[in-house]
1. List, please: which pairs have Cβ atoms under 9 Å, are six or more places apart or on different chains, and start with a residue in the stretch 152-174 that is part of a loop (DSSP other than H, G, I, E, B) and end with one that is of a type in the set (Lys, Arg) and surrounded by fewer than 19 Cβ atoms within 10 Å (Cβ to Cβ)?
2. Name the one entry in Gly303, Gly251, Gly328, Gly333 that is surrounded by fewer than 21 Cβ atoms within 10 Å (Cβ to Cβ) and without any contact (Cβ under 8 Å) to a residue 24 or more places away in the chain.
3. Select, from Glu316, Glu284, the only residue that is closer than 23 Å to Gln207 by Cβ, acidic (Asp, Glu) and touching a strand residue (DSSP E or B) at 6+ places or on another chain (Cβ under 8 Å).
4. Does the stretch 220-240 hold any residues that are farther than 18 Å from Asp129 by Cβ and surrounded by fewer than 19 Cβ atoms within 10 Å (Cβ to Cβ), and which are they?
5. Got a sec? Which of Ile4, Ile42, Ile37 is touching an Asp or Glu at 6+ places or on another chain (Cβ under 7 Å) and either over 25 Å from Asp129 (Cβ atoms) or touching a residue at least 24 places away in the same chain (Cβ under 8 Å) (or both)?
6. From the list Lys228, Lys167, Lys233, which residue is modelled with pLDDT of 95 or more and over 17 Å from the mean Cα position of the chain (by Cα)?
7. Filter the stretch 66-117 down to the residues that are in a loop (DSSP other than H, G, I, E, B) and among the aliphatic types (A, V, I, L, M), then identify the one that is nearest to the chain's Cα centre (by Cα).
8. Of these, Arg140, Arg120, which one is surrounded by fewer than 19 Cβ atoms within 10 Å (Cβ to Cβ) and without any contact (Cβ under 8 Å) to a residue 60 or more places away in the chain?
Amino acid sequence: MGVISSYRLRLRRKYWHARARYHRRELSSVQDRTSTIARSDILCFTTIRNERIRLPYFLEYYRALGIDHFIFVDNGSDDGTAEYLAAQEDVSVWTTKASYAGAKFGVDWLNGLQRRFGHRHWCLTVDVDEFLVYPFCDTRPLRALTDWLDASNVRSFGSMLLDMYPKGPLGAQTYDEGQDPFEIAAWFDSGNYTFERNGRFGNLWIQGGVRARSFFADRPKAAPALNKTPLVKWHRDFAYISSTHQLLPRGLNLTYDADGGEKTTGVLLHAKFLNLMVARAREEADRSEHYRGGAEYKAYSDGLDPKANLWCKWSERYVNWRQLEILGLISKGNWA
């Protein structure tokens, strides 16, 4: 990359830092326990709205994996989300009723909190329906992975978003609070993915899977991006610029081996398609607070009802991370 291009990216990073400073005034503290964060703690950052039913399992899963402290931004929930989070001893929560779209879909809020609290910590940034799976996660905690990344001088860890869904009508099985969502959404598309390198930012752009197949078959380039860099050894100079799809500095996006080898990567199991999604899709389509004026949720709303069945004869039932490695969706690289 040339000098001029590098300078432009530095200016762009400063722009995102300025946005974060501006939008942090929209946040009000509900419960701030960040004074309890230890120097070596692994942190989790999440924006959330009306997801109270999902929280018990989300917190249980990531506590077991090794997250030490959770930092949430609650975007005007009215279902008890903020109150539930405030009662958790390892959670700090801020709230705002400001526009999610106006804050670049929550990126500005989290960039500000990561700059303030995430410096020199390993930080995991995920939605409440995303569950990280990585090589050996069944026997090794998240700290084993971050320690190895530190020893290897690697600052970021890439993961593909893998959409999970049930077999049969979407409304046939009701999700209960505290339940493992993958007892219901146990299936995924094992193929039909496209990979394209972004020349400007260096990240892979991945599309496909059940959302491309079921909702964007006639316009696959409009399908949601499935590439994520959710785990980063944060520095106050870093910034997400498009959800967790892209970061600056540019080198953080190089979570794959461009020379034909393999880097260690993970998968985010995406528990979006439960029975909860039918009403949620309609609500978010009406709110128009998501990317492209909520066009993605409009597609879901048009294509989903309780009788919708996303399963097909090529669907594969999820077993474990080793299955994903065989399919080429996850890589242990040289982490043995």
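The values are calculated or read from the model by the stated rules, or taken from the named source; none is laboratory data. Nothing here was measured: the structure is a model prediction, and the numbers come from that model. Using ideal geometry, Cβ is built from the backbone for each residue, glycine included, and neighbour counts are taken over all protein chains shown. Areas reflect the complete protein model, heavy atoms only, side chains present, ligands, DNA and RNA absent. Shrake-Rupley method; radii C 1.70, N 1.55, O 1.52, S 1.80 Å.
1. Val154/Lys263; Lys167/Arg317; Pro169/Lys307; Leu170/Lys307; Gly171/Lys307; Ala172/Lys307
2. Details: Gly303 fails: without any contact (Cβ under 8 Å) to a residue 24 or more places away in the chain; Gly251 fails: without any contact (Cβ under 8 Å) to a residue 24 or more places away in the chain; Gly333 fails: without any contact (Cβ under 8 Å) to a residue 24 or more places away in the chain.
The unique qualifying residue is Gly328.
3. On the way: Glu284 fails: touching a strand residue (DSSP E or B) at 6+ places or on another chain (Cβ under 8 Å).
Result of the check over Glu316, Glu284: Glu316.
4. Selection gives Pro220, Lys221, Ala222, His235, Arg236, Asp237.
5. On the way: Ile4 fails: touching an Asp or Glu at 6+ places or on another chain (Cβ under 7 Å); Ile37 fails: touching an Asp or Glu at 6+ places or on another chain (Cβ under 7 Å).
Of Ile4, Ile42, Ile37, the one residue that is touching an Asp or Glu at 6+ places or on another chain (Cβ under 7 Å) and either over 25 Å from Asp129 (Cβ atoms) or touching a residue at least 24 places away in the same chain (Cβ under 8 Å) (or both) is Ile42.
6. On the way: Lys228 fails: over 17 Å from the mean Cα position of the chain (by Cα); Lys233 fails: over 17 Å from the mean Cα position of the chain (by Cα).
Lys167 is the lone residue from the list that is modelled with pLDDT of 95 or more and over 17 Å from the mean Cα position of the chain (by Cα).
7. First pass over the stretch 66-117, keeping only residues in a loop (DSSP other than H, G, I, E, B): 66-68, 75-80, 87-90, 96-106.
Filter again for among the aliphatic types (A, V, I, L, M), leaving 67, 87, 98, 101, 103.
Numbers: Ile67: 15, Ala87: 24, Ala98: 21, Ala101: 17, Ala103: 17 Å.
In this case the residue turns out to be Ile67.
8. Details: Arg120 fails: without any contact (Cβ under 8 Å) to a residue 60 or more places away in the chain.
None of the other options fit; the residue is Arg140.
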